[in-house]
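Participant: I have a structure I would like to understand better, so I am pasting it below and will then ask my questions one at a time.
No value in this document is a laboratory result; all are computed from the given coordinates. As the structure is a computational prediction, the values presented were derived from the model and not from experiment. Here the Cβ positions follow ideal geometry from the backbone for every residue, glycine too, while neighbour counts run over all protein chains shown.
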Amino acid sequence: MDFKDWRFNGLDWLITGVILAEVAFALFVWSHGPVAPIPMQVAGHGHFVRWGDRTEAAFLLARSAIVAGFVFSIGKAAEMRGYATAFGPQLEILKVVALIPAISAVPILSALASAWS
């Protein structure tokens, strides 16, 4: 197996940092999160329709980090195997898609911020 380029560029470091920060925040929420019910799902009109606890919030954050890491690793493995010349910018787009699960955790983060205040 011939690995062409194993080095990380700026985008790789950014995505890795976001994933690690999300894992660290999930661990922090699990151990120090608010004990009170946390809103987990917001309806289209802005009202909370489902509540959960800090374990569920930490699990959702960790799950989105795992999905992001999996998608990123697919893109990085394809890049390392030399598919970057065949697919070009599509691999960079795939790696950026890894940030979508992290963005999907924003409602949970805002709900945690409101629960802490």
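Participant: Using amide H atoms built in the peptide plane, which far-off residues or other-chain residues are under 5 Å from Gly52 H to H?
Facilitator: Here the answer is Ile38, Met40, since their amide H atoms fall under 5 Å of that of Gly52.
Participant: If you plug each phi of region 12-21 into the Karplus form 6.51 cos²θ - 1.76 cosθ + 1.60 with θ = phi - 60°, what whole-Hz ³J(HN,Hα) values come out, in order, with x for Gly and Pro?
Facilitator: Coupling constants for region 12-21: 5, 5, 5, 5, 4, x, 5, 5, 5, 5 Hz.
Participant: Could you tell me whether region 12-67 comes out rounded, prolate or oblate from its Cα gyration tensor? Rule is a ≥ b ≥ c as square roots of the eigenvalues, rounded for a/c under 1.5, then prolate if a/b exceeds b/c, otherwise oblate.
Facilitator: Judged from the Cα gyration tensor, region 12-67 comes out oblate (a/c at least 1.5, b/c at or above a/b).
Participant: Something else: Which FRET efficiency, nearest 0.05, do Phe70 and Ser110 yield, Cβ-Cβ r, R0 25 Å? Show your work: numbers first, answer last.
Facilitator: Numbers: r = 25 Å, r/R0 = 1.00.
That pair, Phe70 with Ser110, gives E of 0.50.
Participant: Can you list the HN-Hα couplings for region 55-70, worked out from phi with the Karplus curve (6.51, -1.76, 1.60; θ = phi - 60°), rounded to whole Hz and with x for Gly and Pro?
Facilitator: 5, 5, 5, 5, 5, 5, 5, 5, 4, 5, 5, 5, 4, 4, x, 5
Participant: Karplus couplings for region 33-39 from phi (6.51 cos²θ - 1.76 cosθ + 1.60, θ = phi - 60°), rounded to Hz, Gly and Pro as x?
Facilitator: Karplus values, whole Hz, x for Gly and Pro: x, x, 7, 5, x, 10, x.
Participant: Quick check on region 10-116: take the gyration tensor over C-alpha atoms, sort the square-rooted eigenvalues as a ≥ b ≥ c, and tell me if it's rounded (a/c under 1.5), prolate or oblate.
Facilitator: Values: a/c = 3.48, a/b = 2.25, b/c = 1.55.
Prolate is the answer for region 10-116, as a/c is 1.5 or above and a/b outweighs b/c.
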